[in-house]
Amino acid sequence: MTRLILHRLFYGLLTLFVVSLVVFLATQALPGDAAQAMLGREATPERLAALREQLHLNEPLAVQYGSWIAGIFTFDLGTSYAANMPVVEHLAPRVTASLSLMAIAALVATPIALLLGAYSAMRRDRAMDHGTSMVTLILAAIPEFAVGILLILAFATGALQLFPAVYAGRADNVLNDPSQLVLPVATLVIAVSPPIIRMMRASMIEVLESEYVQQARLKGLPERTVILRHAGPNAIGPVAQVIALQLGWLAGGVVAIEYLFRFPGIGLALMDAIDTRDIPVIQAVALLIAVVYIVVNLLADVVGLAANPKVRVSSR
Amino acid sequence: MPSQPLPDHRAQQTPAQRSDDPRTAAAPSRRTVLMAGAAGAAVLPALSACGGGDASGGTEGGRLRVGVAGGSAKDTLDAHKATDNTDIARVYNLYDGLCGFNPDYSIEMVLAESVEPNDDATLWTVKLKKGLKFHDGSAVTADAVIFTLKRITDPDDPGSTAEQFATLDRDGMKKVDDLTVELPFTAPYVNLLEVFAEYGVGIVPEGYDPKKPVGAGPFKFTEFTPGERSLFTKHEEYWREGEPHIDELEILNFPDETARVNALVGGQVDAISQLPHSQIEVVKADGNLEILDSETGMWLPFTMRVDKKPFDDERVRQAFRLIVDREQMVKQALSGYGSVGNDMYSRFDPAYNDDLPQREQDISKAKKLLADAGYEDGLEVELVTGEISPGAVGAAQVFKEQAKKAGVTVNLKQLTSTEFYGDNYLKWTFAQDYWSSRNYLAQAAQGSMPDAAYNETHWDDEEWIELINKARSTVDDDERNKILKKAMKIEYERGGYIVWGFVNTVDGFHKKVKGLKASVTGHPLTSYGFRRVRIEE
């Protein structure tokens with residue numbers, strides 16, 4: 001199993017390398033170079049030349065890429081053009097803020113989704129099952145920002161003014177006023193849950209029909225034990241992959257949500273950086289999202305393996 | 001923006017937004033499900049009214065929370081380098097200048113008691129008011145004025161208004177006594193007061209450090225995070241009697257207009273700048289909110305290059321000006337929140353020429369002019385447009401339709417703001433731009449003189465230039481205004497701008513916020529004049 005994990009790790013790193021290349025080239029392809037974008041109306045030829053020199057924009061692409069990659073290994077992601085401070089320092093509070101938001105969303109979404117899925121499976125073909133099925137299908141089809149807008153209309157700016165519509169605090173203490181997190185978290189939860197619920201339901205149904213569950217029941221075990229000890233753990237294995245995919249999606253999906261709720265995380269930092277052509281920040285955030293995605297998937301693989309004795313044994 | 005030639009283009013780019021009314025949306029009671037995520041979460045943030053201690057009416061004290069459009073990691077509190085809307089909002093509240101613009105664009109003395117020129121306006125004498133205090137308690141003195149002007153004109157690190165002090169003899173500035181300074185200029189400078197009234201000329205003490213900013217404005221620095229927010233507190237020794245009324249001022253950045261409006265409607269901020277047109281009705285319909293609709297001198301011209309075919313022929317330029325149905329353009333491109341223009345800028349300049357008849361759409365005359373110019377079979381032009389300011393693309397589309405009637409085919413070339421202000425900016429043959437409120441001489445120096453930084457129409461009219469140069473050295477106001485009226489007539493008759501309208505600024509605020517009033521400066525929320533504001537609970 002260790003070999004398998006190392007194998008996956010290798011491919012993860014390879015993916016990251018490709019992502020870094022794509023991110024780098026994509027930021028180079030933005031219309032107008034960084035110097036142009038930064039100076040805007042003030043761009044005189046002299047100032048452009050000076051700024052290009054200062055930003056090393058005259059060097060060959062390969063050299064620029066090389067020094068960027070080299071920087072990553074020393075945790076030096078360059079200097080933000082706009083904030084005029086190291087990217088790491090600029091992003092640190094925002095990364096923490098985003099991770100907090102994502103972690104809360106994940107901690108809320110995962111158990112709820114698993115329980116709902118399992119419960120639907122146990123109530124198969126009853127009203128509750130059909131209801132859940134339909135609602136998740138509809139929610140899965142609505143883009144996350146639309147969900148966010150609907151939630152704001154319903155609970156913040158409409159008749160019911162229960163929760164704040166936007167985040168109006170600081171990046172370095174987002175947990176200070178939890179009421180401001182309710183709507184963004186709810187949006188993320190609604191966005192990530194449906195596939196988990198549906199997968200858990202399908203997986204649970206399969207397990208409940210399996211021979212060992214029948215066997216357990218025949219042995220006279222209480223239904224509680226059957227579900228919790230035998231069916232549940234086996235049903236979760238296949239769902240882990242979906243959970244991971246959804247949590248990986250969180251890292252990217254948080255961008256639109258943060259913009260909508262004015263939440264000071266990486267998403268807002270990314271939008272800001274795109275506006276100001278702050279290329280080091282764009283690169284860092286894009287890479288960070290990729291890293292989260294890859295790491296989460298790797299973890300899912302490991303969980304999937306650990307939960308499946310067949311794979312665990314055969315891959316040894 | 002009266003002074004800033006480099007307004008924030010980015011803040012003006014407005015993503016598509018919803019236009020539905022929140023009140024019409026159903027509010028299902030799914031709250032229990034959603035609440036599961038944040039059990040025990042507090043409901044609605046309390047208005048953080050700190051200090052004050054006035055138990056009776058709460059008309060003094062409290063914290064005003066303002067959402068301002070724009071902002072980014074580039075934000076700065078530097079008194080002399082503000083570029084973005086949020087920077088401008090902050091600078092207005094941290095610093096006071098020698099002079100300032102009143103809401104009607106007249107000039108008032110702020111820190112200065114008087115600013116007087118000599119006979120030919122080459123030597124100006126500034127006298128400061130007595131007893132003025134900076135935030136750190138030190139006195140506002142002649143040394144601070146000299147330090148400030150030197151800092152702005154530092155050749156190695158110039159401030160945003162440096163160019164307007166190009167003729168200042170910075171080594172010749174002389175302290176006469178503690179409160180008096182003499183400022184020599186190498187050429188007559190008749191409109192110096194306008195420059196002193198700009199927000200980028202705030203007086204700062206010697207040894208000023210923008211990281212720990214000290215000024216003499218109504219509020220002093222407490223907290224600041226670029227790209228996010230700032231918190232300022234009342235300057236107890238502010239020179240205006242009884243102001244500011246509030247104890248704390250929190251300014252929050254809102255790059256996204258939907259979030260900005262939501263924050264106002266949801267009660268998380270007490271006022272917001274720049275309400276998008278599509279949201280005005282939403283705010284009007286809310287019993288707790290009001291809008292502040294201010295006419296301004298901001299204009300969104302079409303720019304015709306007078307040195308390029310077909311616009312090198314003044315008949316074509318006149319024909320294009322006659323094509324425009326200005327009422328319709330204001331109605332459609334600005335949703336009616338604007339007023340009609342007469343192909344002249346600087347509408348609030350005392351010299352503004354009201355004698356010239358309002359130009360109206362006249363298709364037959366336009367056709368005749370085009371035919372005389374050799375385009376009897378029609379004309380095809382490319383109009384470069386982009387989301388450089390709300391309403392710009394709309395105006396271009398309206399123009400395209402209106403031009404059809406005169407046999408002119410307009411092909412729109414829509415660019416992003418970055419491309420628009422890229423390498424080809426100032427080179428487009430037929431394009432658009434936007435400009436803030438400015439008086440005529442100041443605007444001419446920015447946009448119409450041959451040596452202007454942004455002469456986008458390549459205007460180079462000898463007779464006109466002579467008049468401007470003459471006006472620049474005419475100290476007598478009446479005499480100068482007569483000359484300027486003549487110059488305006490020339491631009492009205494053969495200039496390269498189509499000034500079809502002026503844009504209103506529309507802000508939103510909660511009813512409990514008192515003291516804001518319409519201002520023509522083009523800066524939202526009474527030029528971010530929060531010193532005037534009271535919060536009445």
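Please treat every number below as a calculation from the coordinates, not as lab data. Note that the coordinates shown come from a computational prediction; the quantities given were computed from them, not determined experimentally. Cβ sites come from the backbone with ideal geometry, for glycine too, and all protein chains shown count toward neighbours.
Remark: chain A carries a charge dipole of roughly 1360 debye about the Cα centre, counting +1 on each Lys and Arg Cβ and -1 on each Asp and Glu Cβ. Most tightly packed first, judged by the mean number of other beta-carbon atoms within 10 Å of their residues, the peptides A:135-142, A:197-204 read A:197-204, A:135-142. Taken residue by residue and averaged, Cβ atoms of other chains lying within 10 Å of the Cβ of B:187-196 number 0. I'd like the distance separating the alpha-carbon centroids of the stretch A:232-264 and the stretch B:494-537, in whole Å. Between the Cα centres of the stretch A:232-264 and the stretch B:494-537 lies a distance of 43 Å. Chain B gives an Rg/Rh value of 0.99, both radii derived from C-alpha positions and Rh following Kirkwood. Between A:Ala141 and B:Asp178, the C-beta separation translates, for a Förster distance of 45 Å, into a calculated FRET efficiency of about 0.05.
Partners of B:Lys405 within straight-line reach, counting lysines whose Cα lies under 23 Å from its Cα and excluding those fewer than 8 residues away in the same chain: B:Lys309, B:Lys331, B:Lys365, B:Lys367, B:Lys368, B:Lys413. With contacts taken as Cα pairs under 8 Å at a separation of at least 6 residues, chain A carries a relative contact order of 27 percent. Distance from the Cα centroid of the stretch B:413-485 to that of the stretch A:164-223 is 62 Å (rounded to whole angstrom). Gyration tensor over the Cα atoms of the stretch B:273-375: the corresponding equivalent ellipsoid has semi-axes (square roots of 5 times the eigenvalues, largest first) of 34, 16, 12 Å. Counting only other chain Cβ atoms within 10 Å of each residue's Cβ, the peptide A:268-276 averages 5.
Among the trypsin sites (Lys or Arg not before Pro) in the stretch B:411-500, those located in a DSSP loop and surrounded by at most 15 other Cβ atoms within 10 Å of their own Cβ are B:Lys427. In the protein assembly as shown the Cα-Cα distances spread across 20 Å bins starting at 0 as 14, 40, 32, 11, 3, 0 percent of all pairs. Annotation for the stretch B:335-349 versus the stretch B:367-383: alpha-carbon center distance of 27 Å. The mean sequence separation of alpha-carbon pairs under 8 Å and at least six residues apart, normalised by the residue count of chain B, gives a relative contact order of 22 percent.
Once you have the Kirkwood Rh of the stretch B:271-333 from its Cα pairs, apply Stokes-Einstein at 10 °C and 1.306 mPa s and quote D in µm²/s. The calculation lands on 105 µm²/s. Based on C-alpha pairs under 8 angstrom that are at least 6 apart in sequence, the stretch B:303-429 has a relative contact order of 28 percent. Shielding of peptide B:62-75 by partners, expressed as the average count of other chain Cβ atoms within 10 Å per residue Cβ, is 3.
The calculated Kirkwood hydrodynamic radius for the stretch B:123-267 is 17.3 Å, given to one decimal from all distinct C-alpha pairs. Looking only at chain B, where both bridge partners belong to it, what percent of the DSSP beta bridges are antiparallel (to the nearest 5)? In chain B, DSSP labels about 75 percent of beta bridges as antiparallel. Rounded to the nearest whole Hz, the Karplus-based 3J(HN,Hα) values (6.51 cos²θ - 1.76 cosθ + 1.60, θ = phi - 60°) of the stretch B:166-173 follow the sequence 4, 8, 6, 7, 5, 8, x, 5, with x at glycine and proline.
Here the Karplus curve 6.51 cos²θ - 1.76 cosθ + 1.60, taken at θ = phi - 60°, turns the phi angles of the stretch A:97-112 into couplings of 4, 5, 4, 4, 4, 5, 5, 4, 4, 5, 5, 7, 5, 4, x, 4 Hz, with x standing for Gly and Pro.
Report note on the peptides B:250-257, A:119-126: ranked by the mean count of other C-beta atoms within 10 Å, highest first, their order is B:250-257, A:119-126.
For B:Phe302, the residues whose modelled amide H falls within less than 5 Å of its own, excluding neighbours fewer than 5 places apart on the same chain, are B:Ile498, B:Trp500. In order along the stretch A:272-281, the Karplus-derived 3J(HN,Hα) couplings, from 6.51 cos²θ - 1.76 cosθ + 1.60 at θ = phi - 60°, round to 4, 5, 5, 4, 8, 6, 7, 4, x, 6 Hz, and Gly and Pro are given as x. Charged neighbours of B:Glu360, selected by a Cβ distance under 12 Å, balance to 0 (K, R count +1; D, E count -1).
Projected over every direction and averaged, the convex hull enclosing the alpha-carbon atoms of chain A yields 20.6 nm². Only DSSP H runs of four or more residues enter the estimate; each adds -39500 (n - 2.57), and after division by the residues of chain A the mean residue ellipticity at 222 nm equals -24000 deg cm²/dmol. Amide H to amide H distances under 5 Å link B:Val214 with B:Asp209, where only residues 5 or more positions off or on other chains count and H is placed in the peptide plane.
Taking amide H as placed 1.01 Å from N in the peptide plane, B:Lys413 has its amide H under 5 Å from the amide H of B:Leu383, B:Val384, B:Thr385, each at least 5 places away in sequence or on another chain.
Based solely on its DSSP helices, what 222 nm [θ] is calculated for chain B when runs of n ≥ 4 H residues each add -39,500 (n - 2.57) and the sum is averaged over all residues, nearest 500 deg cm²/dmol? So the helix-based figure for chain B works out to -7000 deg cm²/dmol. For the listed peptides A:212-223, A:77-88, B:264-275, a ranking on the average number of other beta carbons within 10 Å per residue, highest first, reads B:264-275, A:77-88, A:212-223.
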